[in-house]
Amino acid sequence: MTTPWIRLRSALGALAVAAACLSACAAPSPDILPTPAAMPVPPVVEEKLPSFMQEGLASWYAGTRRHKITANGEVMANNALTAAHRSLPMNTMVRVTNLSNGASVLVRINDRGPFIAGRVIDLSPGAATWLGMKAAGVAPVRLVVNDYEQPSQPAPAQTAAMY
């Protein structure tokens, strides 16, 4: 004859045995696991996408442009790393990469052009030398404008409020 007390003890015993069996299937305790060597974690780098990219043919200004005034009012300097583009804002810094040889240079837009169909940029003689395209006259290039390569803009002038 089983009393309720004996049935409860038997049920608790069966529950304890089941719990012991299930705990044997669980992961070992942390003090048993080997400690892994510390691994350096690479820093999270935000991918910086270009704000403008264009591919096409580049040419360079001939010597006849020496001492000419550019579209932004500067006197053109042959050794300066400058260029002419049809639509980019003046003083935009553009990374120009020669797709034939991989050479790259950062130039500043200070003029308008090129005015020959199929060309995307006209470079100063100095920039053409950096890109290794001066002898050829033209080269296939990639233009990239990155926000982080742009000069910081001066703060707007403060004007006194008139009352």
Practice problem: Go through the residues of segment 93-115 one by one and say whether even a single one is at pLDDT below 95, among the polar types (S, T, N, Q), in a strand (DSSP E or B) and crowded, with 18+ Cβ neighbours inside 10 Å. | Solution: yes
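For segment 116-136, which residues satisfy the criterion of being polar (S, T, N, Q) and in a loop (DSSP other than H, G, I, E, B)? Spell out the reasoning first.
Step one: of segment 116-136, the residues polar (S, T, N, Q) are 124, 129.
Result: Ser124, single match.
I'd like the residue in segment 77-98 that is among the polar types (S, T, N, Q) and within 20 Å of Gly132 (Cβ to Cβ) and, out of all such residues, is farthest from the chain's Cα centre (by Cα). Spell out how you get there, then give the answer.
Restricting attention to segment 77-98, the residues satisfying the condition of being among the polar types (S, T, N, Q) are 78-79, 82, 87, 91-92, 97-98.
If we keep only those that are within 20 Å of Gly132 (Cβ to Cβ) too, we end up with 78-79, 82, 97-98.
On the way: Asn78: 30, Asn79: 28, Thr82: 22, Thr97: 15, Asn98: 19 Å.
Checked segment 77-98; the qualifying residue farthest from the chain's Cα centre (by Cα) is Asn78.
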Quiz prompt | Meets criteria (at pLDDT below 65 and in a loop (DSSP other than H, G, I, E, B)) for Pro34 | solution = yes
Practice problem: Looking only at segment 58-75, count how many residues are modelled with pLDDT of 85 or more and either surrounded by 15 or more Cβ atoms within 10 Å (Cβ to Cβ) or of a type outside the set (A, V, I, L, M, F, W, C) (or both). | Solution: 7
Quiz item: Mind checking which residues of segment 111-129 are under 16 Å from Thr70 (Cα atoms) and more than 24 Å from the chain's Cα centre (by Cα)?
Solution: Asp111, Arg112, Gly113, Pro114, Phe115, Asp122, Ser124, Pro125, Gly126
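The values are calculated or read from the model by the stated rules, or taken from the named source; none is laboratory data. Being a predicted model, the structure only gives us computed values, none of them experimental. Because the Cβ atoms are built from the backbone with ideal geometry, glycine has one as well, and the counts that use them run over all protein chains shown.
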